[in-house]
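Only one structure is covered here, and it is reproduced in the block below.
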Amino acid sequence: MATEGPAMRRVQVAEHPRLLKLKEMFNSKFGSIPKFYVRAPGRVNIIGEHIDYCGYSVLPMAVEQDMLIAVEPVKTQTLQLANTNPLYPDFSTSANNIQIDKTKPLWHNYFLCGFKGIQEHFGLSNLTGMNCLVDGNIPPSSGLSSSSALVCCAGLVTLTVLGMNLSKVELAEICAKSERYIGTEGGGMDQSISFLAEEGTAKLIEFSPLRATDVKLPSGAVFVIANSCVEMNKAATSHFNIRVMECRLAAKLLAKYRGLQWDEVLRLEEVQAKLGVSLEEMLWITEDALHPEPYSPEEVCRCLEISLQELRTQILSPNTQDVLIFKLYQRAKHVYSEATRVLRFKKICEEAPDNTVQLLGELMNQSHASCRDLCECSCPELDQLVDICRKFGAQGSRLTGAGWGGCTVSLVPADKLTSFLANVLEAYYQRSDRNVTSEKQSLFATKPGGGALVFLEAQTM
């Protein structure tokens, strides 16, 4: 249940090869044994892209790939972080002086986000230190939420060290808020599914208040994730935050057009809620209120009757203050149509007509077209991969995650899975001259996994 905290399980570490290896590496690194382990999964968003930060529901599921951290609380006030991947250097800092550098999205800063979020939630100072060894098998910058999984894992680590309790919903909300310390203006989907996921079901995640509803996916079809091998880090570029700000500006212009208190509006969903109209009607209002040509900052200021200084300091985020054009019409059209597709997807899953897989596939294809043409968050490699997936039997295929690289998710009839995997492997990975390593060359069928957990070693208790 979402009102409960994450589960705590006792395990025989020797029976779990990954935990055992992590325990041995921890001992070799720190000269001691971990007190406990925490896992938080990555996720694949099946449908509902770039709409969580606008207040709209999304439909993700957790994947089996995760972040796993071995933890030992220590008597000093030093936080020592290490990673099993040698690409990520060790880091140590005082537990009571957490500094997060927004200009450099280094791996340890995501841990610090989760740590600081819990610390600030409880208003704590004088925290104990800890030794942590992190092991992640989610491909980085792939759109499967490796960074948010690390934030969530760190939040749960900190909570467990403190011996405090929070519900999964509270943890998700704290971690969503604390990831913004690194400069990403995300909406909360990634952290929510990491904590609220349950094995065997996808989730409709709704916001304000945060809640999760089971969505039973169709039998007879499989979701397949394919990595484009184009890396995209949300915190390292301004693409993502520009979309957030364009949606914010679109919401304010739509609110002003309809005579609402626009300065209090931040999200496109708030405009719909205040007007009390349907998503379809919001699409018509968008047609009337906004023009397809890009808006300059000066035009936005004229529409809202504010100064450039007010726009930059009161509305835009720090890394979007120098943006010269805003495509408000296109972003609003994407958000309202994508929000509609999410609700249709859930309804089809519930009603389960004979042609469920075909109908869901069509919604996924429409979603990709909207991401490509209206949200403009695709890239040539993703478009090519989507085309290849459809050519070899996917009923639907779309980018997943923030976009501009990362992964696609495809809905494939189960009886076509083997040939689909072989054909996509050859057509996208083996025929290209890309320098693809085996780790990045991820092409795999997936099913809904469980959420964040704490493991205690059985024989040490």
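Near the amide H of VAL74, within less than 5 Å, lie the amide hydrogens of GLY129, MET130, ASN131, all on another chain or at least 5 residues away, with H placed in the peptide plane. Counting charges near GLY276 (Lys, Arg +1; Asp, Glu -1) among other residues having Cβ under 13 Å from its Cβ returns a value of -1. Using θ = phi - 60° in the Karplus curve 6.51 cos²θ - 1.76 cosθ + 1.60, the 3J(HN,Hα) couplings for the stretch 126-138 round to 6, 6, 6, x, 7, 9, 9, 10, 9, 9, x, 10, 8 Hz; x is entered for Gly and Pro.
Once backbone amide H atoms are built at 1.01 Å from N, ILE46 has LEU59, MET61 as its partners under 5 Å, excluding neighbours fewer than 5 places away on the same chain. Remark: the stretch 73-78, residue by residue, has Karplus-estimated 3J(HN,Hα) of x, 10, 6, 6, 9, 9 Hz, where x stands for each Gly or Pro and the curve is 6.51 cos²θ - 1.76 cosθ + 1.60 at θ = phi - 60°. Here the 3J(HN,Hα) profile of the stretch 22-29, calculated from phi with Karplus coefficients 6.51, -1.76 and 1.60 at θ = phi - 60°, is 5, 4, 5, 5, 4, 4, 5, 7 Hz, Gly and Pro shown as x. Nonpolar atom fraction for the stretch 291-353, defined as the carbon and sulfur part of the 1.4 Å probe accessible area, stands at 52 percent. With respect to the chain, whose longest principal axis is taken over its alpha-carbon atoms, helix 279-289 is tilted by about 60°.
Relative contact order for the stretch 314-406: 27 percent, from Cα pairs under 8 Å spaced at least 6 residues apart, divided by residue count. Extending 7 Å from the Cα toward the beta-carbon at both GLN77 and GLN261 defines two label points whose distance is 4.3 nm.
Set the Förster radius R0 to 41 Å, insert the Cβ-Cβ distance between ASN165 and LEU343 as r into 1/(1 + (r/R0)^6), and round the FRET efficiency to 0.05. E(calc), rounded to 0.05, equals 0.75. The local environment of HIS368, defined by Cβ-Cβ distances under 13 Å, has a net charge of -3 under the rule Lys, Arg +1 and Asp, Glu -1. Inter-label distance, LEU87 to VAL277: 4.7 nm, where each label sits 7 Å from its Cα along the C-beta direction.
Here the extension length gained between ILE306 and ARG10 equals 100.7 nm, from 0.36 nm per residue of separation less the Cα-Cα distance. Fully extending the segment from SER28 to GLU198, taken as 0.36 nm per residue of separation minus the present Cα-Cα distance, adds 57.8 nm. Considering Cα pairs under 8 angstrom that are at least six residues apart, work out the relative contact order of the chain and quote it in whole percent. The value is 24 percent. When peptides 327-340, 22-35, 218-231, 87-100 are ranked by their average number of other Cβ atoms within 10 Å per residue, the highest-first order is 327-340, 218-231, 22-35, 87-100.
Between THR128 and LYS102, the simple spin-label model (points 7 angstrom out along Cα→Cβ) gives 3.4 nm. Backbone amide hydrogens, once placed in the peptide plane, bring PHE455 within less than 5 Å of ARG9, TYR37, VAL38, ARG39, excluding anything fewer than 5 places away on its chain.
Listed peptides 272-280, 341-349 appear in the order 341-349, 272-280 once ranked by packing, highest mean of other Cβ atoms within 10 Å at the front.
Structure shown: which of LYS23/LYS168; LYS216/LYS274; LYS29/LYS177 lie over 30 Å apart, alpha-carbon to alpha-carbon? The answer is LYS216/LYS274; LYS29/LYS177. Protection proxy ranking for 40-51, 72-83, 290-301, using the average of other Cβ atoms within 10 Å per residue and placing the highest first: 40-51, 72-83, 290-301.
The values are calculated or read from the model by the stated rules, or taken from the named source; none is laboratory data. All of these numbers come straight from a predicted model, not from anything done at the bench. Every residue, glycine as well, gets a Cβ built from its backbone with ideal geometry; the counts of neighbours run over all protein chains shown. Keep in mind that these areas ignore ligands, DNA and RNA; they rest on the heavy atoms of the full protein, side chains included. Shrake-Rupley method; radii C 1.70, N 1.55, O 1.52, S 1.80 Å.
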